[in-house]
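Take a look at the structure below.
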Amino acid sequence: MLRALGLLALFAVAAATALPLSSDYVLTPAGYQHSSCVHGVPAGSEVVRSDEGLTLIHPDGTIIRKDKCSYPTFNSMREVKQAAAAGGAVGGNRVLINDDGNVEETANGWQAYTKQNAGNVTAYLGTFNIPAAPQDYNGQTIFFFTGLQNIDWVPPQTRPSEGFDIIQPVAQYGPSSAGGGNYWTLSSWYVTLGTGTVWSPLIRINANDTIFGNMTRTGPESWYINSLDQTLNQKTDITVTKSLLTTQPWIYNTLEVYELSKCTHFPAAPNNVLNFRNLALYVSGQLTSANWQIGTDGQNPPLCSAVAKINSPVSVDIVF
Ligand SMILES: *[C@@H]1O[C@H](CO)[C@@H](O)[C@H](O)[C@H]1NC(C)=O
Ligand SMILES: *[C@@H]1O[C@H](CO)[C@@H](O)[C@H](O)[C@H]1NC(C)=O
Ligand SMILES: *[C@@H]1O[C@H](CO)[C@@H](O)[C@H](O)[C@H]1NC(C)=O
């Protein structure tokens, strides 16, 4: 009898941790998240974050509620597969370690970036270029963006214990949960760990286009995020309201990648430079000179010696 009870208890634990993993995981700009935690919305939608999860308000008034998500997140597809092989019992707090105990050979996470804790940020605007396509395409994903976060957490660092979120206009090459493939795309994202992730419609863009990213506080707890392709005159935007978090002090310019394993997975020189320019930081409503620092918490060493260079408060290059 006792033995049977013990077996039952074991069974209950196994059932509780046996998450349906591998095939249900999709890529976001904060790593791999369960497909039930990530949501696309029409352009112009509003996203409201609360303790319970997300409320998605479409421009036509449709309201959709999404519960808080309890699935772990992962830094690489290898981690997803390892967790699946372990019956889903592996938590999200993993670094990039391969089967031999060495650092994984594919690059996953932030490669090069600049950052600043700018305090009461009320807007962060910036322009960036779209480079040529990668030399070789093998299903890898390149993201780059300007972004605002509540805390200074960077993938592939260990997952933070406190709530995390980022708002970001994102250029993307390759696939993500929002779609994409062997071409450049653009979308506005609101990404959390555990509360849910939302993207605006992915629009197809071209090499040499100029992108303008607009993150502007529109209320005490609300942010407007717009990704505008100025060459095509097309935008994809969302508004986010966070009842929990009123500040978004950390500002970034970032190159992030997933499943890249060689330098030719990047665009070739002379298209190996992202130039973030006309950077405009507003603190307490005032245009303020940024004081960039080179970030060092991304993947170390980065693939192909990717590096950020501060040209001035309004211009940053990332070379790869
Ligand atoms: C991008 O601009 C460069 C320099 O003007 C040019 O050589 C290249 O062909 C352009 N690429 C595309 C895809 O238009
Ligand atoms: C950025 O977005 C805000 C909020 O919608 C808007 O008021 C502002 O004009 C935009 N800035 C630019 C330069 O487009
Ligand atoms: C941040 O700046 C806005 C705009 O100037 C101001 O209304 C708000 O009170 C400031 N918040 C804090 C915490 O200083």
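Being within 29 Å of Thr158 (Cα to Cα), among the hydroxyl-bearing types (Ser, Thr, Tyr) and assigned to a strand (DSSP E or B) is the requirement here; does Tyr252 meet it?
yes
Output the number of residues of the stretch 179-193 satisfying the condition of being surrounded by fewer than 24 Cβ atoms within 10 Å (Cβ to Cβ) and small (Gly, Ala, Ser).
Looking only at that region, the number is 3.
One residue is enough: does the stretch 266-288 have a residue meeting the conditions of a type in the set (Ser, Thr, Tyr), over 15 Å from Lys115 (Cβ atoms), free of Cβ contacts under 8 Å to residues at least 60 places away in the same chain and surrounded by fewer than 16 Cβ atoms within 10 Å (Cβ to Cβ)?
no
Kindly indicate whether any position in the stretch 188-204 is basic (Lys, Arg) and free of Cβ contacts under 8 Å to residues at least 24 places away in the same chain.
Yes, the stretch 188-204 contains at least one residue that is basic (Lys, Arg) and free of Cβ contacts under 8 Å to residues at least 24 places away in the same chain.
Among the residues of the stretch 117-144, write down those that are of a type outside the set (Ser, Thr, Tyr), away from ligand 2 (no atom under 16 Å from the Cβ) and open to solvent by less than 10 Å² (accessible area, probe 1.4 Å).
Across the stretch 117-144, the qualifying residues are Ile130, Pro131, Gln140, Ile142, Phe143, Phe144.
Can we say Tyr124 is within 16 Å of ligand 3 (Cβ to nearest atom), in contact with a strand residue (DSSP E or B) (Cβ under 6 Å, 6 or more places away or on another chain) and either within 15 Å of Tyr252 (Cα to Cα) or free of Cβ contacts under 8 Å to residues at least 24 places away in the same chain (or both)?
When the stated conditions are applied, Tyr124 passes them.
Can you pull out every residue in the stretch 289-319 that is open to solvent by 70 Å² or more (accessible area, probe 1.4 Å) and in a helix (DSSP H, G or I)?
Ser305
Looking only at the stretch 267-294, which residues are more than 16 Å from ligand 2 (Cβ to nearest atom) and under 11 Å from Ile318 (Cβ atoms)?
Matches in the stretch 267-294: Asn272, Val273, Leu274, Asn275, Ile294.
For the stretch 48-66, name all the residues that are modelled with pLDDT of 95 or more and open to solvent by 90 Å² or more (accessible area, probe 1.4 Å).
Once the filter is applied, which keeps residues that are modelled with pLDDT of 95 or more and open to solvent by 90 Å² or more (accessible area, probe 1.4 Å), the stretch 48-66 yields Asp60, Ile63, Arg65.
Inside the stretch 172-249, counting only strands (runs of 3 or more DSSP E) that do not spill past its ends, which hold 2 or more residues that are more than 16 Å from ligand 3 (Cβ to nearest atom) and in contact with a Pro (Cβ under 8 Å, 6 or more places away or on another chain)?
184-192, 210-219, 222-229
Scanning for something among the hydroxyl-bearing types (Ser, Thr, Tyr), away from ligand 1 (no atom under 16 Å from the Cβ) and in contact with a strand residue (DSSP E or B) (Cβ under 6 Å, 6 or more places away or on another chain), does the stretch 259-281 turn up at least one residue?
Checking the stretch 259-281: not a single residue is among the hydroxyl-bearing types (Ser, Thr, Tyr), away from ligand 1 (no atom under 16 Å from the Cβ) and in contact with a strand residue (DSSP E or B) (Cβ under 6 Å, 6 or more places away or on another chain).
Every residue, every condition in (1) of a type in the set (Val, Ile, Thr); (2) surrounded by fewer than 23 Cβ atoms within 10 Å (Cβ to Cβ), yes or no:
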site: Thr195; (1), (2): yes, no
site: Asp209; (1), (2): no, yes
site: Met215; (1), (2): no, no
site: Thr218; (1), (2): yes, yes
site: Thr236; (1), (2): yes, no
site: Ser261; (1), (2): no, yes
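Just for the stretch 220-234: of the residues that are more than 16 Å from ligand 1 (Cβ to nearest atom) and open to solvent by less than 20 Å² (accessible area, probe 1.4 Å), which one is farthest from Leu202 (Cα to Cα)?
Looking at residues that are more than 16 Å from ligand 1 (Cβ to nearest atom) and open to solvent by less than 20 Å² (accessible area, probe 1.4 Å), I get Trp223.
Thr254 is checked against (1) buried (at least 16 other Cβ atoms within 10 Å of the Cβ); (2) within 16 Å of ligand 2 (Cβ to nearest atom) and fails just one. What number does that condition carry?
If we test Thr254 against (1) buried (at least 16 other Cβ atoms within 10 Å of the Cβ); (2) within 16 Å of ligand 2 (Cβ to nearest atom), just (2) comes out false.
Considering each of Ile130, Ile142 in turn, give the residue that is in contact with an Asp or Glu (Cβ under 6 Å, 6 or more places away or on another chain), on the phi < 0 side of the Ramachandran plot and at pLDDT 95 or above.
The conditions single out Ile130.
The values are calculated or read from the model by the stated rules, or taken from the named source; none is laboratory data. The structure presented is a predicted model; accordingly, all values stated were derived computationally and were not measured. Note that we place each Cβ from the backbone using ideal geometry, even for glycine, and neighbour counts take in every protein chain shown. Areas reflect the complete protein model, heavy atoms only, side chains present, ligands, DNA and RNA absent. Shrake-Rupley method; radii C 1.70, N 1.55, O 1.52, S 1.80 Å.
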